[in-house]
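Student: Quick one: this structure, given as structure tokens, is what I'll be asking you about.
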Amino acid sequence: MGPVSIPSRRSAVALAALTALVLTGCSDGPDRPRPTPSTATPSAGASASGSTDPAAADPAARAAALVATLSDEDLVGQVLMPYAYGSSATRVSAGSAAGNRALAGVDTPAEMVAKYRLGGVILVGFSADDPTSGNQETTNVDNPKQVRALTDGLRAAAGKLPAGAAPFLVGTDQEYGVVTRITDGVTQLPSPLAAGAAGNPALTEAAWRAAGAELAAMGINLDFAPVADVLATRSTVIGSRSFGATPATASPQVAGAVRGLQAEGVGAAVKHFPGHGLSAADSHTELPVVGQSRAVLERTAFPPFRAGIDAGAMAVMSAHLNVTAVDPGTPATFSRKLLTDVLRGQLGFQGVVITDGMNMAPAKKWSPGEAAVRALNAGNDLILMTPNVGQAYDGLRAALTDGSLPRTRLVEAVTRVLTMKFRLAGHPQPALSTLDGPEHRKAAADLAAAAVTVLRGTCGGAVTGPVRVTSSGGRDRTRALLTEALTAAGVKVVSSGGTVVHLVGYGDGTKDLNADAAVTVAMDTPYVLAGAKSPTVLATYSSTRASMTALAAVLAGKARPTGRAPVPVPGLPATTCKV
């Protein structure tokens with residue numbers, strides 16, 4: 001049976017919504033940065049509401065007013081943000097239709113939005129080096145034009161819903177580096193670890209502002225980024241997704257990324273709270289144990305999240321982590337002690353808390369419905385990537401009926417979600433023609449150039465003689481990019497003989513090094529450089545065109561490598577360049 005409205009419950013919802021407004025929306029706290037001319041349109045609230053009442057322009061007031069009109073079915077839908085199969089909202093292949101029927105009992109993404117009155121959809125996809133590929137069941141992304149058509153179609157479906165006055169959320173994991181959902185036709189930023197090596201938050205903010213503008217042009221208004229995890233262990237699932245191994249390195253970069261994204265009307269969701277970098281295990285397949293003391297958490301894990309919150313981050317993503325010092329045995333996603341007591345109570349976050357993927361192994365301990373109820377009761381406001389939309393939806397409705405999910409908790413969650421949506425409203429959508437434009441490429445190039453680090457060898461010395469570029473397996477594209485950049489910089493590149501410049505990247509180890517290389521370059525985490533015998537070792541932390549161009553300038557002797565390794569590499573200094 002389809003969703004049925006229950007008008008008799010709306011008066012109770014209205015009272016709860018007003019209570020939630022008082023508690024969460026009436027002050028300029030850390031989750032509500034004051035708008036600037038570049039981030040807000042003062043008339044947006046009045047035009048959308050049809051009123052000139054100043055209160056109508058306040059996102060929290062608009063959210064509370066809308067919540068008061070919604071049925072239970074609408075409220076439940078607003079806290080669900082699943083993925084869907086298909087590259088179009090309304091026209092999908094037979095295989096995608098079958099996937100949607102298994103996931104949600106419908107054929108198309110638009111039908112899923114309508115049936116479950118969804119608050120948003122996450123666009124998914126993966127590449128060969130993506131450590132999150134295990135929970136990416138499909139892909140929705142091909143090129144910017146296709147993504148824009150898909151998001152337009154999703155919004156058209158959502159606009160017909162009772163909650164349609166609030167912008168529909170379309171999110172994705174555009175972290176840059178190994179986790180980059182949309183790669184073709186967009187400006188490719190260097191990885192977060194490269195930004196940590198550059199150590200210049202202004203460059204990070206400029207680059208992520210370019211990223212925000214491009215996401216907005218494609219119709220994406222929520223980025224599950226930046227990663228605020230401190231890389232305190234050699235975690236391969238986090239790796240170069242982190243800005244660095246210390247909070248002093250990571251915190252200002254997290255703040256810069258948040259400011260950049262949100263300046264362009266794209267909400268930032270800092271992740272993975274309370275800190276996935278403190279464990280080397282992979283929460284996609286197991287429940288990692290974070291066994292550090294509370295003092296270590298306070299000193300190491302929490303500061304980058306606090307920096308993101310202070311920068312105005314609209315959302316925080318909770319992680320599937322067993323944090324023994326706070327709530328042993330309970331994944332943080334389902335821990336009220338961590339999400340309500342620590343994140344909200346101690347760190348003061350009042351924005352939207354979003355679960356990590358509920359199709360990951362630790363969350364699948366429970367049925368989709370029970371997991372959704374547990375996550376909401378712990379303090380999450382959005383349920384991401386449930387493995388079965390119908391079961392999650394029905395489970396939440398049943399919990400409302402039997403009282404195991406208090407209606408006040410649901411109303412609070414929806415009010416936060418709608419407040420974020422209204423905060424995102426009013427930003428003009430850039431044209432697709434702005435993607436990968438000169439200003440955006442320059443922002444990426446400046447950040448990439450500042451990241452190049454020399455950990456052994458002379459500071460900025462040019463390679464001698466012709467160069468031969470080699471690499472570990474499967475990196476033909478990156479070799480071609482560096483060859484092109486070296487040639488443009490005036491360096492002769494040969495196919496045999498010559499001075500060997502060897503590239504290593506994601507997943508590579510000692511076996512992938514070249515003993516004959518005069519120069520070895522790490523394009524991901526730089527740990528592998530500890531085993532390199534080359535007289536010169538460099539790190540770019542990234543394999544983008546901008547990073548290879550920056551590397552070529554250093555190898556040609558035309559630029560000085562000013563970066564500092566943001567993680568410790570045994571036996572090597574952070575840099576051999578004197579400041």
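The values are calculated or read from the model by the stated rules, or taken from the named source; none is laboratory data. Because the structure is predicted, anything quoted here is derived from the model rather than measured. Positions of Cβ are backbone-derived with ideal geometry, glycine not excepted, and every protein chain shown enters the neighbour counts. For the accessible areas, the whole protein counts, side chains as well, though only heavy atoms, and no ligand, DNA or RNA atoms are used. Shrake-Rupley method; radii C 1.70, N 1.55, O 1.52, S 1.80 Å.
Student: Please compute the volume of the convex hull spanned by the alpha-carbon atoms of region 287-363 and report it per residue in Å³. All intermediate terms of the calculation are to be shown ahead of the outcome.
Tutor: Numbers: hull volume 6.1 nm³, N = 77.
So the per-residue Cα hull volume is 79 Å³.
Student: Let me ask something additional. So how do 167-173, 498-504 stack up, highest first, on mean other-Cβ count within 10 Å?
Tutor: Values: 167-173: 24.7, 498-504: 22.6.
Descending packing order for the listed peptides: 167-173, 498-504.
Student: Treating the beta-carbon of each Lys and Arg as +1 and of each Asp and Glu as -1, no other charges, what is the dipole magnitude of region 365-487 about its Cα centre, to the nearest 20 debye?
Tutor: Details: 15 positive and 10 negative charges, 45 e Å.
It comes to approximately 220 debye.
Student: Tell me which residues come under 5 Å, amide H to amide H, from MET317 once H is placed; ignore anything under 5 positions away on its chain.
Tutor: Under 5 Å from the amide H of MET317: VAL270, LYS271, PHE273, ILE354.
Student: Relative contact order of region 345-475, please, whole-number percent, based on alpha carbon pairs below 8 angstrom and at least 6 residues apart.
Tutor: That works out to 20 percent.
Student: For region 552-563, take each phi angle, set θ = phi - 60°, evaluate the Karplus expression 6.51 cos²θ - 1.76 cosθ + 1.60, and give the result in whole Hz per residue in order, putting x for glycine and proline.
Tutor: So the J values, rounded to whole Hz, are 4, 4, 5, 5, 7, x, 9, 8, 9, x, 9, x.
Student: Could you derive backbone 3J(HN,Hα) for region 567-573 from the dihedral phi with the Karplus parameters 6.51, -1.76 and 1.60 (θ = phi - 60°), listing whole Hz in sequence and x where the residue is Gly or Pro?
Tutor: My calculation for region 567-573 gives 9, x, 10, x, x, 10, x Hz in order.
Student: Using only the heavy atoms of the protein chains and a 1.4 Å probe, how would LYS492, LYS511 rank by accessible area, largest first?
Tutor: Working: LYS492 135, LYS511 170 Å².
Ranked from most to least accessible, the order is LYS511, LYS492.
Student: Here's something else I'd like to know. Once both labels are modelled 7 Å past Cα along the beta-carbon direction, what's the SER404-THR340 spacing in nm?
Tutor: Spacing of the two 7 Å Cα→Cβ label points: 1.7 nm.
Student: Moving to a separate point now. What accessible area per residue, rounded to a whole number of Å², is obtained for the chain using a probe radius of 1.4 Å?
Tutor: Working: 20250 Å² over 579 residues.
I get 35 Å² per residue for the chain.
Student: A further question follows. Could you go through region 382-399 in sequence order and give the Karplus-derived ³J(HN,Hα) for each residue, using 6.51 cos²θ - 1.76 cosθ + 1.60 with θ = phi - 60°, rounded to whole Hz, and x for Gly and Pro?
Tutor: Result, ordered by residue: 10, 9, 9, 6, 4, x, 8, 5, x, 5, 5, 4, 5, x, 5, 5, 5, 5 Hz.
Student: Now, a different point. If each of LYS365 and ARG101 carries a label point 7 Å out from its Cα toward its Cβ, how far apart are those two points in nm?
Tutor: So the two model labels end up 3.5 nm from each other.
Student: Then there is this: How high is the FRET efficiency from THR324 to ASP184, r the C-beta distance, R0 45 Å, rounded to 0.05? Kindly include the intermediate steps, with their values, before the conclusion.
Tutor: On the way: r = 43 Å, r/R0 = 0.95.
With a Förster radius of 45 Å, E is 0.55.
Student: Take the residue pairs LYS160/LYS421; LYS533/LYS578; LYS145/LYS442; LYS364/LYS511; LYS365/LYS421 and return only those whose Cα atoms are more than 26 Å apart.
Tutor: Working: LYS160/LYS421 16 Å; LYS533/LYS578 22 Å; LYS145/LYS442 23 Å; LYS364/LYS511 37 Å; LYS365/LYS421 31 Å.
Among LYS160/LYS421; LYS533/LYS578; LYS145/LYS442; LYS364/LYS511; LYS365/LYS421, the Cα-Cα distance tops 26 Å for LYS364/LYS511; LYS365/LYS421.
Student: Given charges of +1 on the Cβ of Lys and Arg and -1 on the Cβ of Asp and Glu, with all other atoms neutral, how large is the dipole of the chain about its Cα centre, in debye to the nearest 20? Display every interim value, and only then the final one.
Tutor: On the way: 49 positive and 43 negative charges, 136 e Å.
With Lys and Arg at +1 and Asp and Glu at -1, about 660 debye.
Student: Sticking with this structure for a sec: Go from 0 up to the bin containing the longest alpha carbon distance in the chain, width 20 Å each, and give me the % of pairs per bin.
Tutor: 22, 54, 22, 3, 0
Student: Rounded to a whole number, what % of the accessible area of region 497-552 do carbon and sulfur atoms account for, probe 1.4 Å? Write out the running numbers ahead of the final one.
Tutor: On the way: 880 of 1770 Å².
Whole-percent figure for carbon plus sulfur exposure: 50.
Student: Return the calculated 222 nm mean residue ellipticity for the chain, to the nearest 500 deg cm²/dmol, obtained by summing -39500 (n - 2.57) across DSSP H runs with n ≥ 4 and dividing by the residue count. Intermediate results must be reported in sequence, preceding the final value.
Tutor: Details: 17 runs with 202 residues, N = 579.
My calculation for the chain gives -11000 deg cm²/dmol from helical runs alone.
Student: I've got another one for you. If each Cα of region 142-189 is one equal point scatterer, what is log10 of I(q)/I(0) from the Debye formula at q = 0.14, 0.31 Å⁻¹?
Tutor: Here the Debye-derived log intensity ratios amount to -0.45, -1.12.
Student: Counting only protein heavy atoms and a 1.4 Å probe, tell me what percentage of region 297-387's accessible area is made up of carbon and sulfur.
Tutor: Values: 1090 of 2330 Å².
Answer for region 297-387 is 47 percent, counting heavy atoms of protein chains only.
Student: Then there's this: For region 477-528, just the Cα set please: Rg and Dmax, both in angstrom.
Tutor: 11.7, 32
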